[in-house]
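Report on one structure; see the data block that follows.
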Amino acid sequence: MYKYLVNSNLSVKIFLLGIFLLPSAPSFSIFFLLVSSINPIKKNFNKIIDDKWNLTFIISAFLMPLICLMQSEDIMPLMDNWNKSLTWIGLSNWLPLIFIFLSFQFFVSTAEDRKIVSKILIAGSLPILISGFSQYFFKIYGPFDIFNGLIIWFQRPLQSDTGMTAVFNNQNYAGAWFCIIWPLTLAALLDSLNKKVNKFICLSILISITTALILTTSRSAWGGLILLIPLMTGGSLLQYLLPIIFIAILCIFLTNLNSVPTDLQNTMREIIPNRFWQEFSTDNFSWRESRLDIWRYAFTFISQKPIFGWGAATFPILYFLETSAYTAHAHNLILELANNYGIPITIIIFGSIFLICFYSFFKIYIKESFAKSQFFERAWFSSFFVLLLSQLWDIQYYDGRISIIFWILLAGLKEVIRPKLAND
């Protein structure tokens with residue numbers, strides 16, 4: 001019984017409601033998603049166990065609490081501000097989401113299912129666009145609350161060097177979300193080219209998302225958009241895309257290099273808005289050295305406790321003890337997981353994720369039977385792949401909305417490569 005969304009039932013309706021509310025009302029969304037997850041697990045327990053792709057994640061879910069038990073107490077004297085309970089709390093970033101992966105694969109098991117979920121996710125993201133534009137252009141910040149504070153929207157006032165954040169209150173998080181829904185919206189547009197009204201609506205949303213993504217001034221989001229275009233269109237647009245990228249890079253050099261004549265540089269800076277060229281100034285690129293420095297220390301910490309890790313929430317303390325500087329995390333989700341819970345569990349989880357990516361890419365983009373795959377299949381892969389890559393550069397995963405959609409997208413890709421059975 002895999003065709004859940006086609007043969008709609010109450011669990012499906014609750015699931016889709018949760019998807020719709022995820023961007024704008026995550027507390028309500030999580031409640032509805034958890035309620036909808038019970039029925040698929042109960043009805044399909046044997047199928048879940050028998051699926052080899054599920055098995056690695058199930059093993060991980062059992063191993064992680066054992067790792068917490070095995071993490072030595074000798075860590076605590078080194079870090080006065082750390083409590084071992086934090087490593088148990090840190091499991092909330094993994095165990096419930098593995099459960100979501102196991103349950104929601106039944107809601108995204110067919111191409112039609114994934115198409116429906118994609119459209120619901122786009123519709124649910126419209127309030128984010130409204131909030132972002134109201135923040136950026138009209139200086140509307142809130143806070144606004146409804147249902148006695150169950151939903152609170154607050155958009156922090158923007159500084160001269162800060163891009164659009166919307167309700168995420170972080171421009172990189174907002175940029176990551178727009179990168180997730182951009183290919184889904186493009187797929188919806190391509191799917192509705194023969195329908196005038198739908199085409200106009202989808203085109204308007206796509207232009208709005210592209211604009212919002214650019215206005216976040218998130219370099220990782222800009223890079224994600226550049227990667228999304230060939231992932232969605234293939235090589236057909238590269239001949240047009242490459243000159244645009246070249247011109248953009250040239251403009252960046254002209255506005256920032258000291259060797260550029262002053263008159264020319266000032267002219268370019270007057271043409272290009274400050275927020276954009278300053279993102280690539282020497283001062284703003286000091287992050288590069290610190291990012292590499294953070295990763296270097298992360299490898300050192302991991303090498304000291306490679307099997308069971310240090311425990312969740314230890315990286316900021318370890319880094320501060322070594323450098324007297326603060327960083328919230330390792331800025332790489334793989335290194336973060338290895339530091340917190342060890343190398344073996346990291347290999348199990350991310351090894352499976354990368355294999356699912358590899359096989360789904362092959363089936364969607366290369367395999368002959370999928371040569372004319374639907375636009376939404378390519379969009380689904382593109383959304384997850386760019387989101388995964390962004391976690392290797394930064395960690396937006398700790399926002400519940402992004403981690404939930406991360407695992408739902410992964411569940412859909414797992415279903416792309418799962419052999420279809422006669423009784424599905």
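Taking Lys42 as the anchor, which lysines have their alpha carbon closer than 21 Å to its alpha carbon, excluding any fewer than eight residues away along the same chain?
Filter leaves Lys3, Lys13, Lys52, Lys414, Lys420.
Straight-line reach from Lys139: which lysines have a Cα under 30 Å away, not including same-chain ones fewer than 8 places off?
Within reach: Lys119.
How many Å² of accessible area per residue for region 304-424, probe 1.4 Å? Provide the component values of the computation, followed by the final result.
Details: 4620 Å² over 121 residues.
On a per-residue basis, 38 Å².
Which ³J(HN,Hα) values, rounded to whole Hz and listed in residue order, are derived for region 404-411 from phi using the Karplus coefficients 6.51, -1.76 and 1.60 in 6.51 cos²θ - 1.76 cosθ + 1.60 with θ = phi - 60°, glycine and proline given as x?
Rounded to whole hertz, the list is 5, 5, 4, 6, 5, 4, 4, 4.
Protein chains only, probe 1.4 Å: how do Glu112, Glu336 rank by accessible area, largest first? Intermediate results must be reported in sequence, preceding the final value.
On the way: Glu112 80, Glu336 10 Å².
Accessible-area ranking of Glu112, Glu336, largest first: Glu112, Glu336.
Which number comes out as Rg/Rh for region 78-211 once both Rg and the Kirkwood Rh are worked out on C-alpha atoms? Mind dumping the intermediate values first?
Working: Rg = 18.9 Å, Rh = 17.7 Å.
That ratio is 1.06, to two decimals.
7 Å from Cα along Cα→Cβ at both Ile152 and Tyr365: what's the point-to-point distance in nm?
Between Ile152 and Tyr365, the simple spin-label model gives 4.3 nm.
Taking 60 Å as R0, compute the FRET efficiency from the Cβ-Cβ separation of Arg296 and Leu10 and round it to 0.05. Intermediate values should be presented prior to the final figure.
Numbers: r = 52 Å, r/R0 = 0.86.
The calculated FRET efficiency here is 0.70.
Treat region 16-133 as a sphere of radius equal to its Kirkwood radius over Cα pairs and apply Stokes-Einstein at 10 °C in a medium of 1.306 mPa s; give the translational diffusion coefficient in µm²/s, rounded to a whole number.
D, rounded to a whole number, is 94 µm²/s.
Describe numerically, in nm with one decimal, the distance between label points set 7 Å from Cα along Cα→Cβ at Asn83 and at Ala123.
4.3
How many times 2.2 N^0.38 Å is the alpha carbon radius of gyration of region 120-172? Write out the running numbers ahead of the final one.
On the way: Rg = 11.4 Å, N = 53, 2.2 N^0.38 = 9.9 Å.
Against the compact-globule rule of thumb, the ratio is 1.15.
Calculate, in nm to one decimal, what Ser92 and Ser303 gain on full extension: separation in residues at 0.36 nm each, minus their alpha carbon distance.
73.5 nm
The values are calculated or read from the model by the stated rules, or taken from the named source; none is laboratory data. Please read all numbers here as calculations on a predicted model, not as lab measurements. Using ideal geometry, Cβ is built from the backbone for each residue, glycine included, and neighbour counts are taken over all protein chains shown. Heads up: the accessible areas ignore ligands, DNA and RNA and are worked out on the full protein's heavy atoms, side chains in. Shrake-Rupley method; radii C 1.70, N 1.55, O 1.52, S 1.80 Å.
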